[in-house]
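Beneath this line is the structure, given in structure tokens, with notes to follow.
The values are calculated or read from the model by the stated rules, or taken from the named source; none is laboratory data. Only a predicted model underlies this, so the values are computations on that prediction, with no experimental measurement involved. Positions of Cβ are backbone-derived with ideal geometry, glycine not excepted, and every protein chain shown enters the neighbour counts. SASA here: full protein model, heavy atoms, side chains in, ligands and nucleic acids out. Shrake-Rupley method; radii C 1.70, N 1.55, O 1.52, S 1.80 Å.
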Amino acid sequence: MAEPGRGHTRWRLLLPVLAVPVLVLGFLIVGLFAWALSDDESPRAGAQTEVTCAEALAFGGASAPAHAHVGNCTLQQGIDTAYTVVLRMPREDVRDWLRETYPKAPEARSDASCGALCLDVSHEDGLPATAGAHVVQVRVEHENAETARVRFSAFTM
């Protein structure tokens with residue numbers, strides 16, 4: 001005949017021994033999911049960083065206009081890459097700069113929805129093959145009678 005309570009004694013000794021590996025395995029699984037969902041490669045992914053304007057313009061197949069004052073130039077990387085350049089230049093030079101930079105692109109349009117002047121260029125309609133961008137968008141606003149503010153965006157999709 002078995003002694004009363006004898007089976008309970010074995011389980012009381014065995015459960016703590018089995019619980020430790022189960023808890024360790026659980027923490028490892030939770031840690032693995034946390035690591036997989038985090039972006040440890042680039043802790044600032046998606047943040048904007050300052051870059052040289054020559055780099056930003058070259059990504060879109062362009063160079064700085066002759067009489068332009070180049071402002072801030074930024075890079076934002078995540079899934080896609082996006083360069084932004086803000087520059088000021090004589091209003092009368094904007095169309096010529098766009099024609100020289102993108103000779104195969106459609107003519108820049110005047111459209112109330114995008115400012116005084118806009119141009120959207122992709123590889124299908126005139127973006128140079130040397131450009132790293134898939135699309136370039138140029139938005140022009142007139143600051144005064146002589147000066148235009150040009151926002152140049154070159155990005156991948």
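Quick notes on this structure:
- Scanning the range 71-92 turns up one or more residues that are without any contact (Cβ under 8 Å) to a residue 40 or more places away in the chain, part of a strand (DSSP E or B) and more than 18 Å from Gly132 (Cα to Cα).
- Just one of the numbered conditions (1) exposed (fewer than 14 other Cβ atoms within 10 Å of the Cβ); (2) more than 19 Å from Cys73 (Cβ to Cβ) is not true of Gly115: (1).
- Remark: Val94 matches the filter, which requires a residue to be closer than 28 Å to Thr49 by Cβ and over 24 Å from the mean Cα position of the chain (by Cα).
- Figure legend. Inter-residue proximity from the range 129-150: first residues outside any strand (DSSP E or B), second residues open to solvent by less than 70 Å² (accessible area, probe 1.4 Å) and charged (D, E, K, R), beta-carbon distance below 7 Å, spacing 6+ or different chains. Indicated pairs: Glu143/Arg149.
- Against the conditions (1) modelled with pLDDT under 80; (2) touching a strand residue (DSSP E or B) at 6+ places or on another chain (Cβ under 7 Å); (3) in a helix (DSSP H, G or I), Leu57 satisfies every one except (1).
- Residue in the range 10-24 that is in a helix (DSSP H, G or I) and at pLDDT below 70 present: yes
- Qualifying residues in the range 93-112 (those that are in a strand (DSSP E or B) and of a type in the set (D, E, K, R)) - the one least open to solvent (accessible area, probe 1.4 Å): Asp111
- Tally, over the range 16-31, of residues that are open to solvent by 100 Å² or more (accessible area, probe 1.4 Å) and more than 44 Å from the chain's Cα centre (by Cα): 0
- Within the range 60-70, being surrounded by fewer than 17 Cβ atoms within 10 Å (Cβ to Cβ) and not in a loop (DSSP other than H, G, I, E, B) holds for one residue alone: His69.
- Among the residues making up the range 99-146, those that are over 18 Å from Val86 (Cβ atoms), touching a Phe, Trp or Tyr at 6+ places or on another chain (Cβ under 9 Å) and among the small types (Gly, Ala, Ser) are Gly126, Ala131, Gly132.
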